[in-house]
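**Student:** Sharing a structure, written as structure tokens. Questions coming.
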Amino acid sequence: MESLNQAHYGPGDNVARDKNLFIENYNTFINLTVPEDLREPVKKILSDISNRKILDAKTKIDLILSIKNQTKEINDLFVLLRIKADLVEDANSHAEFSILNEIVLSSNNEMIKDLSLSLLLRLEFNKFGKDRMMDRYNSTDVKGPFSRALLLELTLSEEVLQERASTGKHGLTEEELIGLISGLFRVKSFETALDVANFLVDYFPSYNSRVIHLFTRGMLLNQDIVGDDYWLLSQKEKDRISNLIDETLKLYAESQGSDFRLFNVIVPCYLFTKEGDERLREILIKNIDSVDKISQELANNLRVLHLNEQEQESHPVNIIRRCSGDKSYKEEIVKGILSKEVISLSDFILARELIDDTSLIEWIDTGGAIQTDQGRLSELFSKLKLNLYIEQSDINRRDSKIVDDIIEEIGDCDNDDFKSINSVFIYNISEDLREVERNNQLCELMGKYFDNKHCYWCSPIVYQYLNGLYETGLYQAFCSLYDIVDNKDKPMSIHTMALSTYLSHNEMGKALSLIEEYNTSQDLDFIRLKLHAFEKIGYFSAIEKVVNDTDYKKFKEPTNSLLRLNDKIISLGYTRFGHDLAIKFFLDSPEKKL
């Protein structure tokens with residue numbers, strides 16, 4: 001549902017989260033320790049643990065442990081895997097210290113001894129803290145890659161980690177490099193972590209290494225965009241997110257959707273990008289149980305909106321569904337809303353669906369209000385939302401002084417206060433303003449909301465602002481914004497507006513540069529304006545080329561843009577084009593005569 005205030009999903013959770021991230025690598029351990037006939041089962045168990053399929057992992061482990069006549073090494077191994085599963089399921093799991101300690105002391109296999117020590121150290125760290133863990137580490141003679149990796153992950157200072165990353169990474173095993181990356185995550189040195197992740201991918205190429213590299217990129221990106229709104233990013237920042245999503249989708253396909261870790265990127269990216277990526281949405285709907293483990297709220301919304309789940313009776317969509325077939329229930333809901341003096345924004349949206357305009361306007365006129373967070377600006381925007389609804393619903397109440405006064409008060413608020421307002425809410429308010437023909441005030445509010453950065457990508461709200469400035473005739477402001485919005489995601493309609501503006505103000509240099517840059521555009525309004533530009537400077541050979549390159553046969557129907565282009569071509573003396581076009585449409589469909 002729409003929210004007034006800017007949504008944040010926790011520090012560092014914009015496009016990736018590293019909570020309970022299982023990125024250890026056990027390939028060396030498996031190849032050196034596990035008998036060939038058990039390697040695949042062990043890999044599947046580790047995969048289940050990684051993907052939080054703990055019950056499946058424990059079932060496989062218990063099945064193998066039930067087989068008699070296993071060697072002590074194999075029995076110890078599967079006991080360790082079960083403890084590993086317990087710890088992944090619950091970091092405070094009551095694993096037996098005595099079991100792990102016994103394996104450390106008695107095993108003749110150094111890899112098993114080291115794995116047991118690493119689990120024992122992690123358990124000790126979780127329960128008793130760093131000092132107790134280090135006492136055990138320092139008193140143990142055998143320290144292999146797993147225990148050394150744990151030291152890097154959990155205890156070493158940023159200074160030591162930076163030194164290892166700078167000069168010592170060539171001497172580290174794959175397991176230790178992964179521990180180093182986890183440690184750098186801990187101290188939030190994400191740039192250095194990415195450098196180590198690049199090294200990991202180069203020297204230990206594997207699917208797991210690429211997943212670690214993906215998360216490192218995501219955590220660094222989080223740091224760079226923390227507190228920012230997706231719709232107000234620069235093109236460079238937006239492209240970094242797009243590239244992260246593309247790489248995540250590749251890994252998802254490669255893993256055939258079996259790697260739960262990827263949802264630590266998929267879910268935050270989907271939320272941060274305003275839930276607009278259909279590719280991510282399809283994956284989330286298909287893997288709804290995985291979504292549940294990361295964001296129950298999102299999972300519940302997806303179930304209701306896309307899986308038609310009826311169990312969440314209080315969800316607004318299910319309320320609307322039930323009201324459509326249950327008159328008495330609808331009356332109860334409507335009565336409940338109208339009996340309150342203050343309702344939430346989501347309840348107001350629900351009210352617009354269920355309550356007739358007259359009754360809802362009467363509720364507003366008698367003091368009904370939308371609940372807001374603390375702050376004058378939030379209160380004003382809530383009032384504006386209600387009074388714009390009145391203007392939308394009753395044409396006789398358009399141009400009210402109430403709305404004028406509210407917008408004037410909003411304009412007096414400090415620009416910094418606007419940073420707490422959700423861009424989707426601002427976008428929807430601007431849509432309301434357009435509907436009641438208040439374009440000047442739309443631009444006034446947008447001007448307060450935008451923070452005058454040096455560049456933007458052409459997001460929906462940026463497009464809305466550009467369009468509003470153009471339609472209002474604020475051409476200087478339009479051109480200023482146009483110049484700092486990257487061209488990559490601009491629709492051709494915006495370039496057409498710019499060309500029209502340049503021609504209207506006789507800025508022929510800018511107009512011709514724009515024409516040259518988009519010379520191959522097939523946008524009919526752009527072509528018409530291009531002809532107008534060439535006419536103004538007497539470039540008749542260019543006009544002839546444009547007309548000759550415009551094939552009337554390819555047009556399917558006489559749109560307004562085509563009719564305007566046709567008129568322009570005829571006015572330039574190319575009457576044959578108009579004649580041929582008219583005959584074509586007459587022959588194609590006589591009832592669609594020009």
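The values are calculated or read from the model by the stated rules, or taken from the named source; none is laboratory data. Keep in mind that what you see is a predicted model, and the values were worked out from it rather than measured. Note: ideal-geometry Cβ built from the backbone for every residue, glycine included; neighbour counts use all protein chains shown.
**Student:** I'd like the full set of residues that are in a helix (DSSP H, G or I) and loosely packed, with under 15 Cβ neighbours inside 10 Å, limited to the range 350-375. Talk me through it step by step, then tell me what you get.
**Tutor:** Residues of the range 350-375 that are in a helix (DSSP H, G or I), as a first pass: 350-354, 357-365.
Scanning the range 350-375 gives R352, E353, D357, T358, S359, E362, D365.
**Student:** While we're looking at this one, here's another question. Only one of these conditions is not met by I45: (1) under 29 Å from T155 (Cα atoms); (2) at pLDDT below 85. Which number is it?
**Tutor:** I45 satisfies every listed condition except (2).
**Student:** Please go through the range 364-386 and pick out each residue that is without any contact (Cβ under 8 Å) to a residue 24 or more places away in the chain and under 20 Å from K448 (Cα atoms).
**Tutor:** Once the filter is applied, which keeps residues that are without any contact (Cβ under 8 Å) to a residue 24 or more places away in the chain and under 20 Å from K448 (Cα atoms), the range 364-386 yields Q374, E379, K383.
**Student:** Collect the residues in the range 164-205 that are within 27 Å of the chain's Cα centre (by Cα), among the polar types (S, T, N, Q) and under 25 Å from K143 (Cα atoms), keeping them in residue-number order.
**Tutor:** S182
**Student:** Kindly list, by first and then second residue, each pair from a residue in the range 392-407 that is free of Cβ contacts under 8 Å to residues at least 60 places away in the same chain to a residue that is loosely packed, with under 13 Cβ neighbours inside 10 Å, limited to pairs with Cβ atoms under 6 Å and residues at least 6 apart or on different chains.
**Tutor:** Q392/E435
**Student:** Out of the range 248-287, which residues are out of contact with any Cys (no Cβ under 9 Å at 6 or more places or on another chain), over 18 Å from S459 (Cα atoms) and of a type in the set (A, V, I, L, M)?
**Tutor:** Those that are out of contact with any Cys (no Cβ under 9 Å at 6 or more places or on another chain), over 18 Å from S459 (Cα atoms) and of a type in the set (A, V, I, L, M): L249, L251, A253, L262, V265, I266, V267, I283, L284, I285.
**Student:** Ok, one more. Name the residue, out of Y502, Y475, that is closer than 15 Å to E517 by Cα, aromatic (F, W, Y) and at pLDDT 95 or above.
**Tutor:** Numbers: Y475 fails: closer than 15 Å to E517 by Cα.
Criteria check complete, one pass: Y502.
**Student:** Just to be sure I understand, how many residues within the range 408-432 are in a helix (DSSP H, G or I) and either on the phi > 0 side of the Ramachandran plot or in contact (Cβ under 8 Å) with a residue 40 or more places away in the chain (or both)?
**Tutor:** So the answer is 11.
**Student:** Does the range 131-150 contain any residue that is over 24 Å from L81 (Cβ atoms) and under 37 Å from the mean Cα position of the chain (by Cα)?
**Tutor:** No - not one qualifying residue is present in the range 131-150.
**Student:** Kindly establish whether L117 is surrounded by 24 or more Cβ atoms within 10 Å (Cβ to Cβ), over 36 Å from the mean Cα position of the chain (by Cα) and either closer than 27 Å to Q223 by Cα or without any contact (Cβ under 8 Å) to a residue 40 or more places away in the chain (or both).
**Tutor:** So L117 fits the description; yes.
**Student:** If you don't mind, another one. Helices (runs of 4 or more DSSP H) wholly in the range 172-265 with at least 3 residues that are among the basic types (K, R) - which ones?
**Tutor:** Once the helices (runs of 4 or more DSSP H) in the range 172-265 are filtered for at least 3 residues that are among the basic types (K, R), what remains is 235-254.
**Student:** Can you tell me how many residues within the range 567-594 are modelled with pLDDT of 90 or more and either hydroxyl-bearing (S, T, Y) or surrounded by 13 or more Cβ atoms within 10 Å (Cβ to Cβ) (or both)?
**Tutor:** 7
**Student:** L156 passes all but one of (1) more than 24 Å from A197 (Cβ to Cβ); (2) not in a helix (DSSP H, G or I); which number fails?
**Tutor:** (1)
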